[in-house]
Structures are given as C-alpha cells and as structure tokens.
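As structure tokens, the structure follows; a few thoughts come after it.
The values are calculated or read from the model by the stated rules, or taken from the named source; none is laboratory data. Keep in mind that what you see is a predicted model, and the values were worked out from it rather than measured. Cβ placement follows ideal geometry from the backbone for every residue including glycine, while neighbour counts extend to all protein chains displayed.
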Amino acid sequence: MTADRTRVTDEPRSATGREWEVFVRADADAPLKHVGSVTAGTADTAHEHASSLFDWVARSIWVCPADETQRYTTGGVDGGRSA
Amino acid sequence: MISVSKLLCDLDAESDGLRYDAAAESSEEQITEDKQQRPVVVWNLTKQCNLYCSHCYAAADTETAPGELSTAEGKALLDDLADFGIPVVLFSGGEPMVRDDLEELIAYADDNGIRPVLSTNGTLITAERAAAMKDAGLKYAGISVDGLPERNDEFRGEEGAFDAAVRGIENSLDAGLKTGLRYTITEANAPDLPEVVDLLHDVGLDRFCFYHLDYGGRGADISNLDLSPADTRTAVRTVCDLTREYHAQGKEIETLLVGNYADAGFLVEYAREELGDQQADHIYRYLEANGGDPTGERIADVDYQGNVHMTQFWQGYSLGNVRDRSFGDIWSDDTNPLLAGLRDRDDRLTGRCASCQYRSICRGGSRLRALSAGGPFDPDPKCYLTEAEREPERTGDASAD
Ligand code: SF4
C-alpha cells in the first residue's frame, strides 16, 4: 500500500541552466541529507557551486539532475497536476 | 532595508527598541512581535518582462518561461503563506504586470490578511490598471527608475522607458496608491541621484528606496559597474545629506537604503559627526533591534517556478520548491545547515567582520556578495567602512605605537 502521495508535476525548475538536487553527508557515518538545489550547466559546475555553499559542513556532496528526479509528495501547491 | 529619514530626521525616543521595517516595500511599519518573526516574501510571478534591463537580478526575458505557477497554484501558495503568518507579499518579476491575473492574486492576498505590495518597472501602469490594482487591495507600488532619462533608457534597453515610468508613477498616484521609487545605484547612475529625486518629487513622489547592486541574475555580469568603496560612501552620504536638506525645508520625504548593511555602520558614524554622540548611540540601538542583513530571516523569495530562495537576488540556490512542500515547512527547516548557519552567523563571520564593532548591526552584509568572494561567512567585498571605523581600538593602538 502506498501513502496518499501525488507525483509532482514535471515542470522545469530553471530557465537559466539545469537544476541539480544537492545532498550532503557531514561525517562518514552521518546520513545523506537533502539541502536544496543549485542551478548549473554541468554536474561539475553544480558540484563547484554546492561546494562553495556547503564545504564548511560537508564531507561528501551528491548532485542529482532535478529533471531526472521524480518527487512524490503529500504536500505542495500543484495538487499533482501531472500525476 | 534602513530608513535613513527615520533615523536621521524623526527618530522618536519613545519608539526606541521598536522593531521596524519588516516590509521591504511596505510603507507601513510592521510592529507586531508575532509578524516580525516571519519574513516578507518576494514572489517573482513571472520571468517575462517587457524591458531588458542590464542589472536584472531575475535575468528576465521578453518571452514567457515554462513552469510558471498557475493562478490556482498561486492561490494555494498564498493560502500557505497566510497560514504561516507572512505579513507582506511583494509581487515582483520579471514584470509582474504582464500577468493578467495580477489583480486577482492581489485581491486574494488581501482577503487572506497578507499585505500585497508591488515592484514594477511602471511602464504598464495605465490609469485603468492602477485603479484596478487599488480596488483589488494593493497597498504600495515601488516603481524602478535608474537615472535621468537617457541613462535610464540605456540601462533598461528601451528608448522612452523613463517617460513611460513617470506616466506610470502619475497614474499610480492619481489612483490613490502609495507609490515610491526604486533606484539601483551603479557607477553609471550615481551622479544622477539628486536630480532624479528632485524630478520625481516634483511629480509627487515622497518615498525613495536606493538599492545597492547585488550580484544575482544579470547583476552578476555587471559587478564591474558596481561603485568603488569611495564612490559608495559618496552616494550614501548624498542620500543622508539630501534627506536632511529636504526635511529642513519642510518636505518630509522618506528615504531608504537596501542591500548593503555597512550602511548601518556608516549611518552611526555619520550621525556621530553631524548630530552628536547621543543621537548616534540612539541610532545604533535602533539598528541593533532592526537586526542587520536579513538573508534567510526577514526576507524570502519564491520564484516563478516555485523555488524558494533566501533573498530575491540569490536565485542560483534554492532551499526547496513549493510544488513539493509547503513554504512554511521549507522555511522552518533548520536541519538545512546553510539556512541554520546563516541565521546563527554572528560567531561564524570571518575576516574583518569577525572583529568589526558594527558586526551586530550589519551581520556581515550581503551573503550573496560574500559568496562571490569565497564562502557564505566571508566578509561582503562591498563593505566600504574604513579600518578606523570598523576597529577604532585596534587602529588607535596602532597609531599609539
Ligand atoms: S566589516 Fe563586516 S560586519 Fe563590519 S560593517 Fe563591514 S561587512 Fe559589516
């Protein structure tokens, strides 16, 4: 059984580049934590951008293309238009 | 946002300690404790604009970009903001007036107890639309002009933009809307500032907001047009002097500075020199209550695609998206280390900010410009205070050696 989630619409998240979801791990045994997203043309520039924001707290950084990341939610304002 | 006119011309001893100015574009002070804890939300309704300004932080375009929040999503967002206790929503863009549901959204915000205010280039404010926005419940329109006609038109990428903005200002005032100027100060237009104030005061404006350039959107490409520290001092001093001159003549204009909290330290220094120690101390206490640079605390931004940002200028990093999660949940999520770190930044600030006597009224200045210089806790590269102003004891000791 799945909870009452809707899939968030596939609307684009940036018009000036690609959007990248950012995850950081503070210590070797800490959980991977979603900390928002950055706009960048490539994974490497996304990583560079995320580093400037999170180097002071992150041991590892993951960047994942937002347009390849399907989000399913019980909150949010679009009511799962593209679900 | 620092109210120069209030601090230099009519600071009332009775009001000491009263927090003011939560509303970035609101003409009324927000004094309720509860509402003070919530940010003013800038909502970039669209990326589309009818102009193409060189300093646009939203990097707006003449075409509609995909993914704009629909009217229904916008109303759901306003519900969400109302539930969270947001005091003010600033409709911005792009150019918000290109959206034909603007009046509907203004009315919806107003009906839900959020104060709706507008930031616009003014060129689309006809008499009819001004009246419609006023009827919908709009409380304030901030209209951008960035220099005398020729300079403004060059900046805004269209001949006649200045005259069109002035017509917009007149229509707005005629409709009975509280209206003010937004002026982004750059190297190119700093000398025009007093004349623009004179000219628009004659048109009927009495509120003037001066923005320092922040480095988001196309603003980043023209960071080389930003003023030098010496020229910034001159421009801020001009704002202080002209405010006092107007008031001395009985013309009660309101003047505000936005986007560089080194202004707070400068104002205290200015007051000490021009008005005496008592007034300077009083101003310091007032600014301390105001809380310094507002990034991640007293100002928030939702862009046209629903991404939430820590200021309207800082669009390259998003805390989350309102299509996934409510604004209140995103904004309250202190497990985000950057958001939590910036809210509790005083002891994290590095370099010259760490030992600055004005740290608690400035809080390091623009965090976005700091990032352009290195990291989120670095000093704002556009701080223009001298070492003697920042650290009088140290420089005093040095000169004694
Ligand atoms: S040194 Fe830092 S804290 Fe002090 S006024 Fe300049 S930017 Fe603000």
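Just a few scattered comments:
- Residues of the range B:63-85 that turn out to be touching a residue at least 60 places away in the same chain (Cβ under 8 Å), facing another protein chain (nearest Cβ under 10 Å) and acidic (Asp, Glu), as a count: 3
- Residues (closer than 21 Å to B:Cys383 by Cβ and either of a type outside the set (A, V, I, L, M) or without any contact (Cβ under 8 Å) to a residue 40 or more places away in the chain (or both)) located in the range B:260-279: B:Asn260, B:Tyr261, B:Asp263, B:Gly265, B:Phe266, B:Glu269, B:Tyr270, B:Arg272, B:Glu273
- Taking the criterion of being in a helix (DSSP H, G or I) and more than 21 Å from the chain's Cα centre (by Cα), the residues of the range B:264-284 that qualify are B:Glu269, B:Tyr270, B:Ala271, B:Arg272, B:Glu273, B:Glu274, B:Asp277, B:Gln278, B:Gln279, B:Ala280, B:Asp281, B:His282.
- Some residue of the range B:330-343 being closer than 30 Å to B:Val98 by Cα, in a loop (DSSP other than H, G, I, E, B), more than 10 Å from every other protein chain (Cβ to nearest Cβ) and touching a strand residue (DSSP E or B) at 6+ places or on another chain (Cβ under 9 Å): no
- Selection status of A:Thr6, surrounded by 14 or more Cβ atoms within 10 Å (Cβ to Cβ), more than 23 Å from B:Trp331 (Cα to Cα) and not basic (Lys, Arg): no
- Any pair with Cβ under 6 angstrom, 6 or more apart, that starts in the range B:318-334 at a residue that is modelled with pLDDT under 95 and ends at one that is surrounded by fewer than 23 Cβ atoms within 10 Å (Cβ to Cβ) and among the β-branched types (Val, Ile, Thr): B:Asp324/A:Thr73
- Selection status of B:Phe377, within 14 Å of chain A (Cβ to nearest Cβ), within 16 Å of the ligand (Cβ to nearest atom) and modelled with pLDDT of 95 or more: yes
- Leading residue by the ranking (farthest from the ligand (Cβ to nearest atom)) among those in the range B:257-279 that are touching a helix residue (DSSP H, G or I) at 6+ places or on another chain (Cβ under 8 Å) and either within 14 Å of chain A (Cβ to nearest Cβ) or hydrophobic (A, V, I, L, M, F, W, C) (or both): B:Leu275
- Inter-residue pairs, beta-carbon under 9 Å, first closer than 19 Å to B:Tyr270 by Cβ and in the range B:340-364, second of a type in the set (Ser, Thr, Tyr) and near the ligand (Cβ under 10 Å from one of its atoms), 6+ apart: B:Tyr358/B:Tyr261; B:Ile361/B:Tyr261; B:Cys362/B:Tyr261
- Criterion violated by B:Thr62 - all others in (1) within 15 Å of B:Val42 (Cβ to Cβ); (2) modelled with pLDDT under 95 satisfied: (1)
- Where A:Ala3 falls short, out of the listed (1) at the interface with another protein chain (Cβ under 10 Å from one of its Cβ atoms); (2) out of contact with any Gly (no Cβ under 6 Å at 6 or more places or on another chain): (1)
- Of all residues in the range A:16-57, those satisfying the criterion of being among the aliphatic types (A, V, I, L, M) and surrounded by fewer than 21 Cβ atoms within 10 Å (Cβ to Cβ) are A:Ala26, A:Ala28, A:Ala30, A:Leu32, A:Ala43, A:Val57.
- Filter result for A:Asp44 (in contact with an Asp or Glu (Cβ under 6 Å, 6 or more places away or on another chain) and farther than 17 Å from B:Ser318 by Cα): no
Here is a yes/no grid of residues against (1) within 12 Å of the ligand (Cβ to nearest atom); (2) at the interface with another protein chain (Cβ under 10 Å from one of its Cβ atoms); (3) not in a loop (DSSP other than H, G, I, E, B):
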{"position": "B:Tyr304", "(1), (2), (3)": "no, yes, no"}
{"position": "B:Val308", "(1), (2), (3)": "no, yes, yes"}
{"position": "B:Arg325", "(1), (2), (3)": "no, yes, no"}
{"position": "B:Asp347", "(1), (2), (3)": "no, no, no"}
{"position": "B:Arg352", "(1), (2), (3)": "yes, no, yes"}
{"position": "B:Gln357", "(1), (2), (3)": "yes, no, no"}
{"position": "B:Leu368", "(1), (2), (3)": "no, no, yes"}
{"position": "B:Ser372", "(1), (2), (3)": "no, yes, yes"}
{"position": "B:Arg394", "(1), (2), (3)": "no, no, yes"}
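- Looking across the range A:6-54, just one residue is more than 11 Å from chain B (Cβ to nearest Cβ) and hydroxyl-bearing (Ser, Thr, Tyr), and that is A:Thr42.
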